[in-house]
Amino acid sequence: MFNEVAFLLFIVIGAWLLVAGLRGRRIEGVVECARCTFDLSGIDQHGLCPECGRSLSAPNGTRARRVRRWRIAVLGLLIIVLGITPFAMPALQKAVGIKLSEIAPVWWLRTELRAVGAARHAEIVAELDVRLIGVKRTMTTAQAQAVTDDFSAMLADPSIAWNAGWSDFYERARLQSLVSDAQWMQYVERVLTISWVHADRVRTGEEMPVRLEVGRAIPVAATCPSGIIRILARLEAASIDGRAVAPMGSTQWMSAVGHVGGASVMERMPISAPPGKARVTARYAFDVVTADGEERVVGSFVRDFESDIDVVGSDETLLRVISDDTLAGAIGSSLWVSRLELRDDQLCLTIGVKQAPVDVGFQVLLRPRDGVSAGREFDLGTISFESGAGQQFFSMRRTRDEVGGLDATAVDIVLRSSLKAAEQSPTLRSVWIGPDVVLESPALMRPNPAPQPR
């Protein structure tokens, strides 16, 4: 909520000034009748008032003359109105039928932004957005810079919780060169979440699956330009029990962080430690780059990760196996083929999953129903996912030759439970093993043939 104590203090100070102004300043040596204010200068004050006949010797019969100070009274009234306005604004908006934020000047919106609570933040930032890039576009460059500086000041204060709506304005302001490189670095480090995920149990002599995940702690609206935050990540060092190791896979990659999330990269770390507890560490460096074609480095930061793992013998089981054939139907219901298309001599397949009942690892197979390769199975890769996870999509591509030329008009997508596929996931702790799951596949989309000349 807004700072209620400050505005209540305004009301108290305004009321005191109003009373003081109306009561006025005392004029020394001038006495008047307390009833009719007749000037009693030079008159015996033990008799009766010559104007109204009141006994001047009675208690409170006379008083000193005062002159009201109207400027002080008006100032007090204005301060009272200022203090009451935040309390009366919701009722006033409802009575008038318009949002005061739509007619309030920018300086007033800035004051509210710093004072009010989250209930009003969305409305205020939405109005500032409209004035910055919306249909109004009434905000001057100086005003936009002042609002951006307000956000930067709040960003630098860790005691202030960053609001999602602020990111909408701030990222648009960055596109208009209102946010400096130093301020942008501070913003990126605050709104990004970076995590290092790995398997808890690994066989000695094998590779541990590792995933670096970059996402947003605070999403932005879908109307904001996507990919403004771009980072170049690289693995600088990794070790097991203090011994340096060279992970398998990409050690440098570029990621554009979208509206609600970012990206992840899979790596594999060779484990040479004997069975027992082992400590693994990793250091990643991140370069924040501009979102233009130049990709200029704005600044850099480093994240260190460390964790303990269980190294087990080469014949040990890593995951708990769940054998329940009755789950096949529920698993199939949580999966669907989102895309099946032949384009530029490549098969493009996307599989969606949402809230699977158990942890699963699958080998993905394509089986043509007709054509020269009818009945054959072609390996498309592996997928794995956790039970209860939200909506995810897995995409894979294969050339036409890798799937037997693909002259078929219809295909089946076969998911075969695989312990090996599940062990390639850094997050699974169990795996379902059961019968094949065959997904209902849409018709294979093919590019329209080019028109033949007549």
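Bear in mind these aren't lab numbers, they're just calculated from the coordinates by the rules spelled out. Everything numeric here is computed off the predicted structure, so don't read it as measured data. Because the Cβ atoms are built from the backbone with ideal geometry, glycine has one as well, and the counts that use them run over all protein chains shown.
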Hey, can you grab everything whose amide H is under 5 Å from the amide H of residue 63? Only 5+ residues off in sequence or another chain; H modelled, so Pro and N-termini drop out. 32, 34
Taking θ as phi - 60°, what are the ³J(HN,Hα) couplings along region 285-300 by the Karplus curve (6.51, -1.76, 1.60), each to the nearest whole Hz, with x for Gly and Pro? 10, 10, 9, 8, 10, 6, 8, 9, x, 5, 6, 6, 6, 7, x, 9
Measure off 7 Å from each Cα along the Cα-to-Cβ vector at residue 243 and residue 108, then give the distance between these two points in nanometres to one decimal. 7.1
Residues 67, 353 in order from fewest to most other beta-carbon atoms within 10 Å are 67, 353
Listed residues 413, 426, 380: farthest to the positive end of the dipole of region 380-437 (Cβ charges): 426
What is the distance, in nm, between label points placed 7 Å from the Cα along the Cα-to-Cβ direction at residue 296 and at residue 308? 4.8
Nearest-20 debye value, the chain charge dipole, Cβ charges on Lys, Arg, Asp, Glu: 2420
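Select from region 220-326 those trypsin sites (Lys or Arg not before Pro) which occupy a DSSP coil region and have at most 13 other Cβ atoms within 10 Å, ordered by residue number.
The qualifying sites are 296.
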With P(r) over Cα pairs in 10 Å bins from 0, in percent defined as stated, name the option among (i) 4, 14, 16, 17, 15, 11, 7, 4, 4, 3, 3, 1, 0, 0; (ii) 4, 17, 24, 23, 18, 9, 2, 1, 1, 0; (iii) 4, 17, 22, 24, 22, 10, 1, 0 computed from the structure displayed. (i)
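What is the magnitude of the charge dipole of region 4-96 about its Cα centre, with +1 placed on the Cβ of each Lys and Arg, -1 on the Cβ of each Asp and Glu, and no other charges, expressed in debye to the nearest 20?
160
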Between residue 434 and residues 5 or more places away or on another chain, which pairs have amide H atoms under 5 Å apart, with H built 1.01 Å from N, and which residues are they? 417
List the trypsin sites (Lys or Arg not before Pro) within region 152-205 that fall in a DSSP loop (any state other than H, G, I, E or B) and whose Cβ has at most 11 other Cβ atoms within 10 Å. none
Using unit Cβ charges (K, R positive; D, E negative) and no other charged atoms, how large, in debye to the nearest 20, is the dipole of region 337-451 about its Cα centre? 140
Return the long-range amide H neighbours of residue 208 (sequence gap of 5 or more, or a different chain), with a cut-off of under 5 Å between placed amide H atoms. 269, 271
Phi angles of region 144-154, converted by Karplus (6.51 cos²θ - 1.76 cosθ + 1.60, θ = phi - 60°) into ³J(HN,Hα) in whole Hz with x for Gly and Pro, give 4, 5, 5, 5, 4, 5, 4, 4, 4, 5, 5
Please determine, in degrees from 0 to 90 and to the nearest 10, the orientation of helix 70-96 with respect to the longest principal axis defined by the Cα atoms of the chain, where the helix direction is its Cα long axis. 40
Lys/Arg Cβ at +1, Asp/Glu Cβ at -1, dipole of the chain taken about the Cα centre: which of 57, 311, 330 is farthest positive-ward? 57
Between the Cα axis of helix 181-191 and the main Cα principal axis of the chain, the angle (0 to 90°, nearest 10) is 70
Of all DSSP beta bridges with both partners in the chain, the antiparallel percent, nearest 5, is 95
So how far, in whole Å, is the C-alpha centre of region 200-219 from the one of region 371-429? 22
Roughly how tilted is helix 164-175, in degrees to the nearest 10 and between 0 and 90, from the longest Cα axis of the chain? 80
State the answer as a single residue: which of 284, 360, 299 lies farthest towards the positive end of the charge dipole of the chain, with beta carbon charges of +1 for Lys and Arg and -1 for Asp and Glu, about the Cα centre. 299
Computed over region 320-439: relative contact order in percent, which uses C-alpha pairs under 8 Å that are six or more apart: 34
Short version: ³J(HN,Hα) in whole Hz for each residue of region 429-441, in order, from phi by Karplus 6.51 cos²θ - 1.76 cosθ + 1.60 (θ = phi - 60°), x for Gly and Pro, what are they? 10, 8, 8, 8, 10, x, x, 4, 10, 9, 7, 5, 9
